[in-house]
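Remarks on the structure that follows.
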Amino acid sequence: MIVSGGVKFHDALDPLMEDIRKVRPHPDNPSSGDQEQIAVSIEISGMYRPVEAQRSTGYILAGNTTYAACLLLESELLPVVWLDVDDEAALRILLGDNQLARLAIVDQGLLTPLVERLLETEMRLLGTGYDEPALPPEADIEPAHMACVNRVGDDLVSWFDLPGDTDRDRLHYLLDQWRLDR
């Protein structure tokens, strides 16, 4: 493993390693990611993907927050894929990288067992960007049919289908059960 500052890079990235000062954030990047969460992910899982940068400008087109997290972790190195693209193509890549990830649809039926598996490990969800499951606050919300309950001070996590014809019925059922358990 390659190490720089607080960052461990997977060996497969070795041919892509550059001085981190060769790239810089794109000045027109409209998105701002959670660099603290990315830094935690890098500390837990190591850095496993490069950033993509425009060769002619050194601007990062994909991976601006990863770059910021590496700076936070005091890395002097960064894996970079250099793209020979004009400014128009660079903007399409920048905007596409940000927006296309937001368009992803999460299949809760597939996600739930994965979360459950990690919740059984010592590190639980650390480094994934997911928060520990919690009881939803009593609010005027439309929850999904699937619910997760993690009682404060208890490691018990329960995933189950809520009964009811509407999301509001399911929410009230869940809140009533929660009140009964208190």
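The values are calculated or read from the model by the stated rules, or taken from the named source; none is laboratory data. Please read all numbers here as calculations on a predicted model, not as lab measurements. FYI the Cβ positions are ideal-geometry reconstructions off the backbone, even for glycines, and counts take in every protein chain you see.
Observations
- Against the criterion of being acidic (Asp, Glu), surrounded by 14 or more Cβ atoms within 10 Å (Cβ to Cβ) and out of contact with any helix residue (DSSP H, G or I) (no Cβ under 8 Å at 6 or more places or on another chain), Asp97 qualifies.
- Applying the set (1) closer than 18 Å to Met1 by Cβ; (2) modelled with pLDDT of 95 or more to Leu73 leaves exactly one unmet item: (2).
- Residues satisfying the stated conditions in region 110-136, i.e. more than 20 Å from Gln37 (Cα to Cα) and modelled with pLDDT of 85 or more: Leu110, Thr112, Pro113, Glu116, Arg117, Glu120
This table checks each residue for (1) without any contact (Cβ under 8 Å) to a residue 60 or more places away in the chain; (2) touching a Ser or Thr at 6+ places or on another chain (Cβ under 7 Å); (3) acidic (Asp, Glu); (4) under 29 Å from Leu125 (Cα atoms).
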residue: Met1; (1), (2), (3), (4): yes, no, no, yes
residue: Pro30; (1), (2), (3), (4): no, no, no, yes
residue: Pro50; (1), (2), (3), (4): yes, no, no, yes
residue: Gly63; (1), (2), (3), (4): yes, no, no, yes
residue: Glu76; (1), (2), (3), (4): no, yes, yes, yes
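- Of all the numbered requirements in (1) among the hydroxyl-bearing types (Ser, Thr, Tyr); (2) in contact with a Lys or Arg (Cβ under 9 Å, 6 or more places away or on another chain); (3) surrounded by fewer than 20 Cβ atoms within 10 Å (Cβ to Cβ), Ser56 misses one, and that requirement is (2).
- Residue match in region 8-17 (condition: in a loop (DSSP other than H, G, I, E, B) and either without any contact (Cβ under 8 Å) to a residue 12 or more places away in the chain or over 25 Å from Glu122 (Cβ atoms) (or both)): no
- Of all residue pairs spaced 6 or more apart or on separate chains, those with beta-carbon atoms under 8 Å, a first member in region 107-128 that is closer than 16 Å to Ile42 by Cα and not assigned by TED's automatic domain parsing to the domain that holds Val40 and a second member that is exposed (fewer than 12 other Cβ atoms within 10 Å of the Cβ) and among the acidic types (Asp, Glu) are Leu125/Asp131.
- Against the list (1) among the hydroxyl-bearing types (Ser, Thr, Tyr); (2) crowded, with 17+ Cβ neighbours inside 10 Å; (3) within 21 Å of Leu100 (Cβ to Cβ), the condition Ser4 fails is (3).
- Selection from region 19-40 of residues that are modelled with pLDDT of 95 or more, in a helix (DSSP H, G or I) and in contact with a helix residue (DSSP H, G or I) (Cβ under 9 Å, 6 or more places away or on another chain): Ile20
- Elements of type helices (runs of 4 or more DSSP H) in region 41-129, at least 2 residues being among the hydroxyl-bearing types (Ser, Thr, Tyr): 64-72
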